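Quick notes on the structure that follows.
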Amino acid sequence: MGNNTEALSAIQKFKSTYPNSKFTTEADEILAQVFLSTNNYDDALTLIEGMKDKTPKIQEAYQKMAYYRAIELFNDNNFQKSDEYLNRSLKYLRDKSIEGLCYYTKSDIYHTMGQYDKSIEYGLKFISFSDFLNPNYSTKASLGTQNYILGYNYYKKNDFNKAKDYFEKADDQLALSKDKNIAQVIYPDAVLRAADCYFMLKNYPKSIQYYNKVVTNGFKGSDYAFFQKSILEGLSGKTDEKIIGLKVMAQKFPNSLFADDALLELGKTYFTIDKNGDAVATFNNLIKSYPKSELIPEAYLQLGLIAYNEDRYDDALRNYAYVTDNYKNTTSANEAMIAVKDIFIAKAILRVILHLSKNIQVQMCLLPHKILWLIWQQKHNSQKAILKVL
């Protein structure tokens, strides 16, 4: 405790020598201030714990120092030890603001540790103390940030109805925060999570409203919001709006983690509305622009499917072969192998049809029945019977 040791010894000697002095109260106040001025909270706490008589002022100093030490440990990610010091702080409930901050920090700790029910318990306790909050003790803790934590607790528990209520409260309470981290990180994320909750609750108009808020204000996560908003436009039957949104998102945020997702979804959307040319161009753009993307095999599968539907079997086989050759032992490779098998069967059936149609001994009226028979054999895994005809 450095230079404070002599002061502490002198004050304690005075109290011991003159226990009934009229200056005892002043001595306690000075002693408490000396304790609080130290940076060595552990030694100070140990010293207080060894005192027989702990006046309210000394108890308050103990409460604050234990909290300050807990925050140091929290900032070092030593959550278990931090929680222990919070419990020590809560031994003396002299300052309601410090008591409330202990509950806030416990809520944060238990959320970080994945104990969401406990985090909710302490978060609600903090809210009941919010009127006593002294901003001089913490610039982070507030009703807004606590509601943000509570929102995430319910979000992790898949209780999206309660989660969106707390995220919306955080949205209202953090909007004007002057804290840089809150304004640039926590507040935008609260808006995004509110949008996600409404998405999960299938309230698409409300979800789009919050995603738009992120996009319009250029908040962190605008790329994600743009992507999600476009998906919702599609789910709402607004295919044109979805296409425009995905195109703009991919162009505006080429370095986004969701840029390749946007191109894949855009290509699939073109395919569903029979714009195969645009779909092919989009999938090829994805392959060219993001060669390391995990979505590359899916793009090749889509290209193979388009070629297959257009009876361009050789093109389809080339796309499927790329997947089987470069992504062995994956789900995509298995899908490609199944598609290749279907192509060979389709080609076999086509050759059988040509063979039958050229046989002048076969009556044309029987041709449909023979085709149906071949298709039936195919469905019943009688490929060998087909191949014998070739």
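The values are calculated or read from the model by the stated rules, or taken from the named source; none is laboratory data. Predicted model, so just to flag it, every value in this text is computed and none were measured. As a convention, Cβ positions derive from the backbone with ideal geometry for all residues, glycine included, and neighbour counts pool all protein chains shown.
Observations on the structure shown:
- Of note, Asn153 satisfies the criterion of being under 23 Å from Lys81 (Cα atoms), within 19 Å of the chain's Cα centre (by Cα) and touching a residue at least 12 places away in the same chain (Cβ under 8 Å).
- Among (1) farther than 17 Å from Ser138 by Cα; (2) modelled with pLDDT of 95 or more; (3) not β-branched (Val, Ile, Thr), the one test that Tyr67 misses: (1)
- Some residue of the range 97-109 being loosely packed, with under 15 Cβ neighbours inside 10 Å, among the β-branched types (Val, Ile, Thr) and within 30 Å of Phe160 (Cα to Cα): no
- Residue, nearest to the chain's Cα centre (by Cα), within the range 114-147, restricted to residues that are of a type in the set (Phe, Trp, Tyr) and closer than 17 Å to Phe74 by Cβ: Tyr122
- For the range 244-262, the set of residues classified as over 13 Å from Phe226 (Cβ atoms) and in contact (Cβ under 8 Å) with a residue 24 or more places away in the chain consists of Asp260 only.
- Taken together, the residues in the range 112-145 that are out of contact with any Leu (no Cβ under 9 Å at 6 or more places or on another chain) and either modelled with pLDDT of 95 or more or of a type in the set (A, V, I, L, M) (or both) amount to 10.
- Restricting attention to the range 288-304, the residues that are assigned to a helix (DSSP H, G or I) and surrounded by fewer than 18 Cβ atoms within 10 Å (Cβ to Cβ) add up to 2.
- Being more than 44 Å from the chain's Cα centre (by Cα), among the small types (Gly, Ala, Ser) and modelled with pLDDT under 55 holds for only one residue in Ser16, Ser21, and it is Ser21.
- Any hit, the range 210-226, residues being hydrophobic (A, V, I, L, M, F, W, C), in contact with an Asp or Glu (Cβ under 6 Å, 6 or more places away or on another chain) and closer than 25 Å to His111 by Cα: no
- Some residue of the range 271-278 being β-branched (Val, Ile, Thr), free of Cβ contacts under 8 Å to residues at least 40 places away in the same chain and surrounded by fewer than 21 Cβ atoms within 10 Å (Cβ to Cβ): yes
- Taking the listed residues Val323, Val280, the one that is assigned to a helix (DSSP H, G or I) and closer than 27 Å to Asp240 by Cβ is Val280, with no other qualifying.
- Single residue of Lys268, Lys206 found to be part of a helix (DSSP H, G or I) and within 21 Å of Leu305 (Cβ to Cβ): Lys268
- First in the range 182-198 and at pLDDT 95 or above, second anywhere and of a type in the set (Gly, Ala, Ser) and in a helix (DSSP H, G or I), Cβ under 7 Å, 6 or more apart: Ala190/Gly151; Ala190/Ala170; Leu192/Ala225; Arg193/Gly151; Ala195/Ser207; Ala195/Ala225; Cys197/Ala163; Tyr198/Ser207
- Any hit, the range 230-237, residues being outside any helix (DSSP H, G or I), touching a residue at least 12 places away in the same chain (Cβ under 8 Å) and polar (S, T, N, Q): yes
- Pairing residues of the range 48-64 that are closer than 20 Å to Ser82 by Cβ with residues that are among the hydrophobic types (A, V, I, L, M, F, W, C) and surrounded by fewer than 18 Cβ atoms within 10 Å (Cβ to Cβ), at Cβ distances under 7 Å and at least 6 apart in sequence or on separate chains, gives Ala61/Leu36; Lys64/Leu36.
- When residues in the range 68-89 are screened for being crowded, with 17+ Cβ neighbours inside 10 Å and outside any helix (DSSP H, G or I), 0 of them pass.
- For the range 306-316, the criterion of a residue being buried (at least 18 other Cβ atoms within 10 Å of the Cβ) and in a loop (DSSP other than H, G, I, E, B) is satisfied by no position.
- Residue list for the range 214-243, restricted to those being under 13 Å from Glu265 (Cβ atoms) and surrounded by fewer than 15 Cβ atoms within 10 Å (Cβ to Cβ): Leu235, Thr239
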